[in-house]
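**Student:** Provided herewith is a single structure, encoded as structure tokens, for subsequent inquiry.
The values are calculated or read from the model by the stated rules, or taken from the named source; none is laboratory data. Computed from a prediction, not measured in an experiment: that's the story for all the values here. Positions of Cβ are generated from backbone atoms using ideal geometry, with glycine treated the same way; all protein chains shown enter the neighbour counts.
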Amino acid sequence: MISQTTLQVGAMFEIFTDPYLIGITIASVIIGVSAGMIPGLNASVTVAILLPVAFGMDPIPAMIFFFGIYAGAQYGGSVAAILINTPGTTAAAATTFDGYPMSKNGESGRALGIAALASGVGGLFSVIVLITIGPPFAEFALNFGPAEIAAISIFGLSLVSAVSGDSLAKGLVGTALGIFIATIGRDPVSGYSRFTLDTLLLTDGIDFIAALIGLFAVSEVLLNVETIHESVKGFGQRVDSTFPSLSDIRESARVIVSGMFVGSFIGTLPGSGSTLGSFIHYGIAQRIAHRGKEFGSGVIEGVAASESANNAATGGAMIPLLTLGIPGSGTTAVMLGALNILNISPGPELFTQQSDLLWMWFGGFILANIFFVVVAFLLLPVFVRVLETPRAILFSVIAVLTIVGTFALENTLRQAWLMFSMGVLGYVLKKFDFPVGPIVLAIVLAPIIELGIRRALSISGGAVGPVVTKPIVAILLVLSVITFFSPYFREIAGGLSRIGGSRS
Amino acid sequence: MTIVAWASRGGGSDTIVRQGYVRSIRENDLLPVDVRAINQTGGGGEAGMRYTLDQDPNGYTILNVTTNLVVTPLSRDIGISYEDFTPIARMGVEPILLVTRGDDDRFNNIQEFRDYAAENRVSIASFDVGTQDHTAAFLLSQRTDMNAEIVPFSGGGEQVSALLAGDVDAAVTAPSEVSDMRESGEVQYMLHFSGQELELYPDVPYVSQAFDTEIVVEQFRGTVVHGDTPDEQVEYLRDLYEEIYNSTEFEEYADNNNVNPAFLRGEEFYDYVEGVNQRFTEVFQENNLGVYSDS
Amino acid sequence: MELDANTVRDRLDRTLRLRKSTGEIAIVILLGVLGLFAAIYSQLNLPLENPFGAGVGPRLFPQVAGITMVAMSVYLLVLRLWRRRKGTIDDEVVEMNVRDGLRVFVFIVLCAGYMWVFEAIGFGVSTVALLFLLFVTNGFRRYILAAVLAIAFTFGIYLVFTTALGLPLPSPILRDVTTGIL
């Protein structure tokens, strides 16, 4: 038994000789790429729909499956961005700027090819970051008690202001709603039932996995049902060879490399994730690229800049989740759901006691990043056909999968009803621009924060002082305050200038 | 035939059903019909109990139970008690342990721990309020005049992290959570709550050996059926579970999961359950818990 | 009331228009009431102090959440009403075709009905029926193909869940046959 974190990189490569795991990786990448192409199905929605699959699988293939979907969907998002100017996932939004103009110029193959290459390289680099930073960070986190865990979750939650979109007040009301939803059920510390109204339906509260599936997947299905008659146009087009030419690679190399670093760094910060990463890097690339001034008119470097950065964020985003058990984004929250189903609690112990699992997952993650590039180079012209599936069929089947899947969680329909209700709620909220992200983040983080604070206070005998003056706790709390108010300052400043000047 | 587990996949009650029972029945052809395991999760076993009572009492649906068979009806008024079921057998028990850090110099045995706790404030990590771990810790600190704060954690892993990180001084938990760390010397076993010497840990004292009081709390694992099941079927199932108990598959399961095999057939199982019920009722009454709370 | 086909079509083609702020106000009022419930329920039923030791009890968190919901709802409500009166709001109109709204409503009702009968009549029959109805109500008009696809997907999902993943789905007919009761 290995008692301290050791690099078992060797174990990682076992996967390359295991046909079953290779098969799982290929399947997951194919599912991920095809789902990612479809506007409305991003990585979190796809993983959420398929969460129940984890039930029937062992931890190693199950998580490799989800990592593969994650990586594949992240790339798949660029396909729709390039072909129809609608990003399949928000992370690919910056890809439309140059990708769609290229496609209009009849260069869709070139754009898709370089997007695949940049995504793959960015993704691979992010796994390397995860492998290098994860273990030492986990070792450091071994000293985290309830107070530190609560503090870092508060830091995660303070990012609601960043994911709230344009209205912080809407984000806050959503956060409070999420905290309220999370407190429904039996309180483990006191044994009191909260808001259960004496019904078995609510005795165990709303399972956060059910809430995730509802808020992410069902709400998206309903939005799509509303617009189902609007056929997605443009997919009929032919895509020629997606194999990138040497000169294209040479031209894009610089922005791909800078995207790796920028994307990984931003991805590691909880809550920001790949959308922010690709936008920020697109801005940086405008300055450093050979043809930066022409960005927006169909420059191949623009596509590479966005795609390299958004996939480079995938591995980094896993660091706070795997080392601390704290998800900083929608996708990592869904990944936490998968770990929950598998009965694996992420945290430093994962690195010290179950590192064999971990290295296999990382191996799978690497493999997935290689496979989706291969899939893109060889099969993309065929794959684009997937998108001609009538949406009536696609979204009806997804609806059935969410219900049957949630039923399978506990073999009862209780959570399915709750899941579907959350979906309808999410649909209504989205219609009126209430962000759903803060609700999800609060549902996942609130119990960690509440129980952590209560345990810490119980240990300290009720005294607040010794808890908040622990060095790590104090630093994290200060950071949380700064993070929370930083966009708020901007909003105030923006509001002032708006009052001063005229509005467009 | 259907065996109901009231934990979700991978939980303790699910593991014994799938690895201990279903595997043993299938490998040894113990039944003329096929057997399947289903999960009915929710409400601390309430969903499983309710499901079983909703089926025909023909012996084709059997329920795997734990100490929650007693604790859940005491925690909330669910209109079901253990007396609504007929006992088949108790298959095993999991002891509960009090552990401390291996390198903690303040105490090397349970007496030193108690003397230290009488003078100083200590904190003990345990499981959620109302569970057997919490009850054991609670009773111990009360009866031996410890100045202890019992801190409930929601999982064994969290308890152990808090202990190793130095946030709490001790933990009351199941052996499966700490057996690896005992081997590496990170934790030491101080006391167990099974009320008699345990084969696995002969050098670890139980409560009445160390103190002038008796506290017996442990997690039991057993099987019951609907209370209206005809005697003929009940006897058939009791024989079946005796065969399962003696199978190598069950032995393997017990070894892998830190469960002490401890067979009690039929009525003997319920005599034992009555004792457990009595002890928990006392605790709940004394502390205004669950159905005895004022509100 | 007499409706010929043309008036029905007319009504379906009509577009519902709702000022965005009206919808927001409705949601905000709903969330405010929910928050008020949370705050009051916590006050009445939950202790502020930990009943089994030091620290805080089960009331603090839900009550703070409830109060925040009330406060933010009131703030948003006042802001919306004030901006509406001043006319400074950028009040887009949320449009929804009656036909589209009806489709979403039918979708929700069909799914709810499915969950209602799922356990009683079993996975197979209910899923085929639901998929077929969802296909055709969402504009897939090739009825025979829809039926074939509904059966194929149901069978596929059943195989994946029960065989590949080992998760049982309710199939009372099949069970009654196999246990010899039927």
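**Student:** Determine which single condition B:SER24 fails, assuming it passes every other condition in (1) small (Gly, Ala, Ser); (2) more than 14 Å from chain A (Cβ to nearest Cβ); (3) under 25 Å from B:PHE127 (Cβ atoms).
**Tutor:** Status for B:SER24: all satisfied but (3).
**Student:** Do we find that C:PHE135 is within 7 Å of chain A (Cβ to nearest Cβ), out of contact with any Cys (no Cβ under 7 Å at 6 or more places or on another chain), over 30 Å from B:ILE150 (Cβ atoms) and not in a helix (DSSP H, G or I) in this structure? Let's see the steps before the verdict.
**Tutor:** On the way: within 7 Å of chain A (Cβ to nearest Cβ): yes; out of contact with any Cys (no Cβ under 7 Å at 6 or more places or on another chain): yes; over 30 Å from B:ILE150 (Cβ atoms): yes; not in a helix (DSSP H, G or I): no.
No; evaluated as a whole, the condition is false for this residue.
**Student:** If you take the residues of the stretch B:94-135 that are closer than 19 Å to B:SER179 by Cα and small (Gly, Ala, Ser), which of them is farthest from the other protein chains (Cβ to nearest Cβ)?
**Tutor:** Among residues in the stretch B:94-135 that are closer than 19 Å to B:SER179 by Cα and small (Gly, Ala, Ser), the one farthest from the other protein chains (Cβ to nearest Cβ) is B:GLY102.
**Student:** Here are some residues: C:TYR41, C:TYR75. Which one is at the interface with another protein chain (Cβ under 7 Å from one of its Cβ atoms), free of Cβ contacts under 8 Å to residues at least 40 places away in the same chain and out of contact with any strand residue (DSSP E or B) (no Cβ under 9 Å at 6 or more places or on another chain)?
**Tutor:** Working: C:TYR41 fails: out of contact with any strand residue (DSSP E or B) (no Cβ under 9 Å at 6 or more places or on another chain).
Result: C:TYR75 is the single residue among C:TYR41, C:TYR75 that is at the interface with another protein chain (Cβ under 7 Å from one of its Cβ atoms), free of Cβ contacts under 8 Å to residues at least 40 places away in the same chain and out of contact with any strand residue (DSSP E or B) (no Cβ under 9 Å at 6 or more places or on another chain).
**Student:** Picking from B:VAL224, B:VAL259, which residue would you name as being under 21 Å from B:GLY92 (Cβ atoms), at pLDDT below 90, β-branched (Val, Ile, Thr) and not assigned by TED's automatic domain parsing to the domain that holds B:MET146?
**Tutor:** B:VAL259
**Student:** Could you say which residue among C:ARG84, C:ARG103 is outside the structural domain of C:ILE27 (by TED's automatic domain parsing), among the basic types (Lys, Arg) and more than 19 Å from A:GLU450 (Cβ to Cβ)?
**Tutor:** Being outside the structural domain of C:ILE27 (by TED's automatic domain parsing), among the basic types (Lys, Arg) and more than 19 Å from A:GLU450 (Cβ to Cβ) holds for just one of C:ARG84, C:ARG103, which is C:ARG103.
**Student:** Oh, and also: Determine whether the stretch B:246-256 contains at least one residue that is assigned to a loop (DSSP other than H, G, I, E, B) and under 30 Å from B:ASN28 (Cα atoms).
**Tutor:** yes
**Student:** Here is a follow-up. Run down A:GLY88, A:GLY99, A:GLY185, A:GLY113 and say which single residue is more than 21 Å from A:GLY259 (Cα to Cα) and either at pLDDT below 90 or over 17 Å from the mean Cα position of the chain (by Cα) (or both). It would help to see each step written out before you state the result.
**Tutor:** On the way: A:GLY88 fails: more than 21 Å from A:GLY259 (Cα to Cα); A:GLY99 fails: more than 21 Å from A:GLY259 (Cα to Cα); A:GLY113 fails: more than 21 Å from A:GLY259 (Cα to Cα).
Selected residue: A:GLY185, the only one of A:GLY88, A:GLY99, A:GLY185, A:GLY113 that is more than 21 Å from A:GLY259 (Cα to Cα) and either at pLDDT below 90 or over 17 Å from the mean Cα position of the chain (by Cα) (or both).
**Student:** Let me ask another. If we scan the stretch B:9-31, do we find a residue that is in a strand (DSSP E or B), surrounded by 22 or more Cβ atoms within 10 Å (Cβ to Cβ) and within 15 Å of the chain's Cα centre (by Cα)? Don't jump to the end; show me each part of the working.
**Tutor:** Of the stretch B:9-31, the ones in a strand (DSSP E or B) are none.
Looking through the stretch B:9-31, none of the residues is in a strand (DSSP E or B), surrounded by 22 or more Cβ atoms within 10 Å (Cβ to Cβ) and within 15 Å of the chain's Cα centre (by Cα).
**Student:** Restricting attention to the stretch B:32-53, and to residues there that are closer than 20 Å to A:SER193 by Cα and more than 7 Å from chain A (Cβ to nearest Cβ), which single residue is surrounded by the fewest Cβ atoms within 10 Å (Cβ to Cβ)?
**Tutor:** B:ARG50
**Student:** Something else: Out of all the residues in the stretch B:39-87, which are of a type in the set (Phe, Trp, Tyr) and in a strand (DSSP E or B)?
**Tutor:** To start, the set of residues in the stretch B:39-87 that are of a type in the set (Phe, Trp, Tyr) comprises B:51, B:60, B:82, B:85.
Residue satisfying the conditions is B:PHE85 alone.
**Student:** Quick one: in the stretch A:420-449, of everything that is assigned to a helix (DSSP H, G or I) and charged (D, E, K, R), which residue is farthest from the other protein chains (Cβ to nearest Cβ)?
**Tutor:** That would be A:LYS430.
**Student:** Okay, next question. Scan the stretch B:160-179 for residues that are more than 10 Å from every other protein chain (Cβ to nearest Cβ) and in a helix (DSSP H, G or I) and report the count.
**Tutor:** Total satisfying the criteria: 5.
**Student:** Here is a follow-up. Pull out all pairs, ordered by first then second residue, where Cβ-Cβ is under 7 Å, the residues are six or more apart or on different chains, the first lies in the stretch A:282-306 and is outside any loop (DSSP other than H, G, I, E, B), and the second is among the charged types (D, E, K, R) and crowded, with 18+ Cβ neighbours inside 10 Å.
**Tutor:** A:ALA285/A:GLU301; A:ILE300/A:ARG110; A:ILE300/A:ASP248; A:ILE300/A:GLU251; A:GLU301/A:GLU251; A:GLY302/A:ASP98; A:VAL303/A:ASP98
**Student:** Condition first: surrounded by fewer than 19 Cβ atoms within 10 Å (Cβ to Cβ) and under 19 Å from A:SER167 (Cβ atoms). Can you find one or more residues in the stretch C:100-111 that meet it?
**Tutor:** No, there is no match, as no residue in the stretch C:100-111 is surrounded by fewer than 19 Cβ atoms within 10 Å (Cβ to Cβ) and under 19 Å from A:SER167 (Cβ atoms).
**Student:** Can you list the helices (runs of 4 or more DSSP H) lying wholly within the stretch A:165-216 that have 1 or more residues being farther than 27 Å from A:PHE485 by Cβ? Talk me through it step by step, then tell me what you get.
**Tutor:** Values: elements: A:168-183, A:200-203, A:208-212.
Counting at least 1 such residues, we get A:200-203, A:208-212.
**Student:** Under the condition of being more than 10 Å from every other protein chain (Cβ to nearest Cβ) and modelled with pLDDT under 95, which residue from the stretch C:106-125 is nearest to the chain's Cα centre (by Cα)? Before the answer, list the steps.
**Tutor:** Within the stretch C:106-125, the subset more than 10 Å from every other protein chain (Cβ to nearest Cβ) is C:109, C:113, C:117, C:120-122, C:124-125.
Next, from what is left, pick out any that are modelled with pLDDT under 95: C:117, C:120-122, C:124-125.
Working: C:VAL117: 17, C:ALA120: 22, C:ILE121: 23, C:GLY122: 22, C:GLY124: 23, C:VAL125: 23 Å.
Here the residue is C:VAL117.
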